[in-house]
1. Can you give me the C-alpha center-to-center distance between the range 193-238 and the range 39-74, rounded to a whole angstrom?
2. FRET efficiency for Thr175 and Arg17, Cβ-Cβ distance as r, R0 = 41 Å, nearest 0.05?
3. Mind pulling the per residue volume of the convex hull built on the Cα atoms of the chain? Å³ is fine.
4. So what is the relative contact order for the range 38-136, in percent, with contacts set as C-alpha pairs under 8 Å and at least six apart?
5. Counting Lys +1, Arg +1, Asp -1, Glu -1, what net charge surrounds Val107 among other residues with beta carbon under 13 Å of its beta carbon?
6. For every other residue with a beta carbon closer than 14 angstrom to the beta carbon of His161, add +1 if it is Lys or Arg and -1 if Asp or Glu, then tell me the sum.
7. Rg to Rh for the range 174-236: what is it, with Cα atoms only and Rh by Kirkwood?
8. For the chain, give the percent of accessible area contributed by carbon and sulfur heavy atoms, probe 1.4 Å, rounded to a whole number.
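The values are calculated or read from the model by the stated rules, or taken from the named source; none is laboratory data. Because the structure is predicted, anything quoted here is derived from the model rather than measured. Cβ sites come from the backbone with ideal geometry, for glycine too, and all protein chains shown count toward neighbours. These area figures cover heavy atoms from the full protein model, side chains too; ligands, DNA and RNA do not enter into them. Shrake-Rupley method; radii C 1.70, N 1.55, O 1.52, S 1.80 Å.
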Amino acid sequence: MIEVATALGRRILGALRDLASIIAVIAFFQIVVLRQPFPNLAEVLVGLACVVVGLALFIQGLESGLFPLGEAIAHAFARKGSATALLAFAFCLGFGTTVAEPALIAVAGEAAKVAAEAGFIADGAATRASYAFNLRMVVAVSVGVAIVLGVLRILKGWPIHRLIIGGYLLVTTMTLFAPAEIIGVAYDSGGVTTSTITVPLVTALGVGLASSIKGRNPMLDGFGLIAFACLAPIIFVLAYGLVT
């Protein structure tokens, strides 16, 4: 019990240290630049304490649960020797964790609202909901495909820089032809897909898989899946804008 309390205390201090820069910036501009007191200071302090404790518990949960789970799954698939099952799991992992991502839901909903107000789609609740849902599905499928591509890269030993450079060249080319109203949404979609659940699970999957395959270096081959998860949604959403 004492060891658990000590570990949690260290986590809380570490979280407070990590958040110190953000707290300092907000306090400086509120007090020195804006010269205004904090509204509802007591509530702000309570909320800050919740954030610090929550961050500490979240990091502890990652190290105790999600990272070991992801690595264990990767080792199990490597021992099983079924590339088809591994790729199917990679797609489901990318799709499942992305489709319920709150940031993606918010961006898709806002994009639908703005598109309706601008006259790009009919201004109706059903139309906006359909547009937002389709956008979420496109992004979720793109992340699933991205994780599959990342796993294939680990299995085949493909150089990551060639895939990333080729992907961004494709993005640049598609941007020239895509409708102007979809470009910003596409680029934002690449940032909202890397959620707090997707990142640790996907990273653990990559590192565990690279550790399980002879001739692969976990440091060189185990990372990079998140880069694909950021890049693929841009390509897919731009393509969605070109065909709709």
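1. First find each Cα centre; the distance between them is then 22 Å.
2. E(calc), rounded to 0.05, equals 0.55.
3. With only Cα atoms used, the chain gives 190 Å³ per residue.
4. Computed value for the range 38-136: 17 percent relative contact order.
5. -1
6. +1
7. Looking at the range 174-236, the ratio lands at 1.15.
8. Answer for the chain is 71 percent, counting heavy atoms of protein chains only.
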